[in-house]
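A.B. asks: For reference, the structure I am asking about is given below.
The values are calculated or read from the model by the stated rules, or taken from the named source; none is laboratory data. No experiment lies behind these values; they were computed from the predicted model shown. As a convention, Cβ positions derive from the backbone with ideal geometry for all residues, glycine included, and neighbour counts pool all protein chains shown. These area figures cover heavy atoms from the full protein model, side chains too; ligands, DNA and RNA do not enter into them. Shrake-Rupley method; radii C 1.70, N 1.55, O 1.52, S 1.80 Å.
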Amino acid sequence: MIPAGSLLTATGLHKSYGPTPALDGADFSIHAGEVVAVMGPSGSGKSTLLQCLAGIIRPDSGTVTYDGRPLSEMPDAERSALRRGEFGFVFQFGQLVPELTCVENAALPLRLAGLKRKEAERRALEWLERLEVADIRGKRPGEVSGGQGQRVAVARALVTTPRVIFADEPTGALDSLNGERVMQLLTDAARDTRAAVVLVTHEARVAAYSDREVVVRDGKARDMAGAV
Amino acid sequence: MSIGHTLLALLESGPRHGYDLKRAFDERFGHDRPLHYGQVYSTMSRLLKNGLVEVDGIEQGGGPDRKRYAITDAGVTDVGHWLAQPEKPEPYLQSTLYTKVVLALMTGRDAGTLLDVQRSEHLRLMRELTQRKRTGDLADQLICDHALFHLEADLRWLELTAARLGALAKEVTR
């Protein structure tokens, strides 16, 4: 059953790589404007859950529903458009394009959506300013620090004002101070724009920026809201 | 925390009344646990007896709360020693949580759920502290961070224990 008012829901997800199930009947749901931490030991299926929710991989069985529509019923092109326009992604290592400047990187999703360069970069610069890295706009990723690069990656994820942000260990490569700042900026921006954030992390201090946590173990997801 | 040393160090900037000392302590260090007036006066009379403070003046009206205290040279030396002495690391070797996990396993209860519920409780407190950090000043941030890192350490232990429950169950039920 889909919880009322949820933006993104998964029910009974199964996914195996070979004989080992990565997901074994996992359920999940998130509302608009909510930050949910997905926690659990390495190899528990956290990242597989995120990738199924984002439509990056197809589950063997089970359903992912976004805004009332099952992802599995969407044609590939529509699912790709969804990932570009309505979803934003932040990974552990920024995964910026090394040949592009920081502002070009942040503007990339808008350019891919067909926006003109000038307008795309104007909007990207607003996000770089908000993430306190406007001064490195003209530099290439190789010329900036890890913390700066990750902020550019967050700007890139937010530039399309997505409705869902998928963040997989977004501060995993940063020191405490930079990690905290990135989490503050990311969750503030998400709350302002009413975006939902699916935050995969094994760090408790990062999870403390969430509204609630879901623990994945042995391929099953346990919602800890109301557990205490 | 040594309340005596803290009050003594607060006197280094100049003489203060007992109620003024309490207020200064509460503002800086007593957010969650303000001092009782009784604690202040019993501490000050001990410091007085030991020659670490002296009475600098008494306001009209009498009563113990009208005394103004000043730190003595011996008091300044004592604060210096206290600050230079490292704190003893507390290893919490016999924590209640460890006991609960072992007892759950010994009695065939679900230790995994016990740990999940504990994680949730820790995270609830960590969210509160994180929120307080967002709105607080730098001093507030530092004190919250200290608590957050300790809670995080508990959780790292919890995750490791969760990963070893199977092996631990075999040992304790042997």
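A.B. asks: Those residues that are of a type in the set (D, E, K, R) and in contact with a strand residue (DSSP E or B) (Cβ under 9 Å, 6 or more places away or on another chain), I need them from region B:96-126; list them, please.
C.D. replies: Answer for region B:96-126, where residues must be of a type in the set (D, E, K, R) and in contact with a strand residue (DSSP E or B) (Cβ under 9 Å, 6 or more places away or on another chain): B:Asp116, B:Arg119.
A.B. asks: Which one is nearest to the other protein chains (Cβ to nearest Cβ), of the residues in region A:191-228 that are of a type outside the set (Gly, Ala, Ser), within 21 Å of B:Trp157 (Cβ to Cβ) and in a helix (DSSP H, G or I)?
C.D. replies: Only one residue tops the list, namely A:Arg205.
Every residue, every condition in (1) under 30 Å from B:Asp26 (Cα atoms); (2) within 14 Å of chain A (Cβ to nearest Cβ), yes or no:
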{"site": "B:Arg68", "(1), (2)": "yes, no"}
{"site": "B:Ile71", "(1), (2)": "yes, no"}
{"site": "B:His81", "(1), (2)": "yes, no"}
{"site": "B:Thr107", "(1), (2)": "no, no"}
{"site": "B:Gly112", "(1), (2)": "no, yes"}
{"site": "B:Val117", "(1), (2)": "no, yes"}
{"site": "B:Leu125", "(1), (2)": "yes, yes"}
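A.B. asks: In region B:1-21, which residues are assigned to a helix (DSSP H, G or I), open to solvent by 20 Å² or more (accessible area, probe 1.4 Å) and either more than 13 Å from B:Lys67 (Cα to Cα) or not assigned by TED's automatic domain parsing to the domain that holds B:Val79 (or both)?
C.D. replies: Step one: of region B:1-21, the residues assigned to a helix (DSSP H, G or I) are B:3-13, B:18-21.
Then drop every residue that is not open to solvent by 20 Å² or more (accessible area, probe 1.4 Å), which leaves B:3, B:5, B:9-10, B:12-13, B:19-20.
Once the filter is applied, which keeps residues that are assigned to a helix (DSSP H, G or I), open to solvent by 20 Å² or more (accessible area, probe 1.4 Å) and either more than 13 Å from B:Lys67 (Cα to Cα) or not assigned by TED's automatic domain parsing to the domain that holds B:Val79 (or both), region B:1-21 yields B:Ile3, B:His5, B:Ala9, B:Leu10, B:Glu12, B:Ser13.
A.B. asks: Being within 10 Å of A:Leu131 (Cβ to Cβ) and open to solvent by less than 50 Å² (accessible area, probe 1.4 Å) is the filter here, so list the residues in region A:174-188 that pass it.
C.D. replies: Result: A:Val182, A:Leu185, A:Leu186.
A.B. asks: Return the residue satisfying two criteria in turn: it lies in region B:84-138 and is outside any helix (DSSP H, G or I) and small (Gly, Ala, Ser), and of such residues it is nearest to B:Thr161 (Cα to Cα). Write out each step before concluding.
C.D. replies: Initially, region B:84-138 is screened for residues outside any helix (DSSP H, G or I), giving B:85-95, B:107-110, B:136-137.
Add one more test, that the residue is small (Gly, Ala, Ser), and what stays is B:95, B:108, B:136.
Working: B:Ser95: 13, B:Gly108: 17, B:Gly136: 34 Å.
Here the residue is B:Ser95.
A.B. asks: Right, something else. Report whether or not A:Gly40 is over 20 Å from A:Ile165 (Cβ atoms) and over 16 Å from the mean Cα position of the chain (by Cα).
C.D. replies: Criteria not met by A:Gly40.
A.B. asks: To continue, here is another question. Identify the single condition in (1) surrounded by fewer than 18 Cβ atoms within 10 Å (Cβ to Cβ); (2) more than 12 Å from chain A (Cβ to nearest Cβ) that B:Thr135 does not satisfy, given that it satisfies every other one.
C.D. replies: (2)
A.B. asks: In this structure, does B:Val76 turn out to be touching a strand residue (DSSP E or B) at 6+ places or on another chain (Cβ under 6 Å) and of a type in the set (Val, Ile, Thr)?
C.D. replies: In short, no.
Okay, residues lined up against (1) among the acidic types (Asp, Glu); (2) open to solvent by 30 Å² or more (accessible area, probe 1.4 Å):
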| position | (1), (2) |
| --- | --- |
| B:Arg28 | no, yes |
| B:His36 | no, yes |
| B:Val55 | no, yes |
| B:Leu83 | no, yes |
| B:Tyr98 | no, yes |
| B:Val101 | no, no |
| B:Arg109 | no, yes |
| B:Asp116 | yes, no |
| B:Arg124 | no, yes |
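A.B. asks: Name the residues in region B:35-68 that are in a loop (DSSP other than H, G, I, E, B) and at pLDDT below 90, would you? Reasoning before the result, please.
C.D. replies: Step one: list which residues in region B:35-68 are in a loop (DSSP other than H, G, I, E, B), which gives B:35-36, B:50-52, B:59-63.
Listed by number, the residues that qualify are B:Glu59, B:Gln60, B:Gly61, B:Gly62, B:Gly63.
A.B. asks: Only one of A:Ser44, A:Ser16 is surrounded by fewer than 16 Cβ atoms within 10 Å (Cβ to Cβ) and of a type outside the set (D, E, K, R). Can you tell me which?
C.D. replies: A:Ser16
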